[in-house]
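One structure below.
Just so it is clear, none of the values below were taken in a lab; they were calculated from the coordinates. Since we're looking at a predicted model, the values are computed, not measured. All Cβ positions, glycine included, derive from the backbone under ideal geometry; neighbour counts span all protein chains shown.
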Amino acid sequence: MNRTLHRTLTAPLLALGLVALGACGGGGDGSTNTVPPDADVVVRAVDGIAWNADSYTATAVDGKVKIYAVNDSGIAHDMYIEQGDTPVGDFIDLPKRGSDGALVYELAPGEYRIVCKIAGHANMDSALTVA
Ligand SMILES: [Cu+2]
């Protein structure tokens with residue numbers, strides 16, 4: 001079912017591959033999107049309606065945490081930071097494979113959640129611990 005998607009991705013992935021080779025040590029697996037070097041947290045939506053980790057950690061700098069999110073899966077997602085059930089700041093829209101975005105959140109040290117609010121995606125609920 002993803003045949004068209006794969007075909008449209010091949011060319012850009014090949015082009016990006018050259019760039020990514022020079023920037024190893026970033027995220028390891030996943031897409032070849034360029035991760036902002038100053039990102040404190042990298043969150044990847046992966047196949048299986050999941051984030052790529054159950055928990056993430058970050059150290060706030062001046063109360064701020066920069067979160068980069070990228071869609072490495074074949075379906076749409078969005079990424080919200082919540083404290084309890086309360087959204088914090090804006091969300092990052094990840095409508096298709098390769099979609100990405102970065103936002104700076106003002107987060108006091110504590111426990112947060114990284115969630116996707118798309119119907120049926122309740123599994124995408126990971127912990128974010130900010131020190
Ligand atoms: Cu999702």
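Structure summary
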read-out: Distance in nm between pseudo-label sites at Lys117 and Ala76 (7 Å out along the Cβ direction from Cα); value: 1.4
read-out: Cα gyration tensor, the range 68-131 - rounded (a/c under 1.5), prolate or oblate; value: prolate
read-out: Net charge of neighbours whose Cβ lies under 13 Å from the Cβ of Asp40, counting Lys and Arg as +1 and Asp and Glu as -1; value: -1
read-out: Inter-site label distance for Ala131 and Lys64 at 7 Å from Cα along Cβ, in nm; value: 2.1
read-out: Pairwise label distance in nanometres, Asp90 with Glu106, each label 7 Å out on the Cα-Cβ vector; value: 1.5
read-out: Other-chain or far-sequence residues with amide H under 5 Å of Asp78's (modelled H); value: Leu94, Lys117, Ile118
read-out: Environment charge at Ser126 (Cβ cut-off 12 Å; Lys +1, Arg +1, Asp -1, Glu -1); value: -2
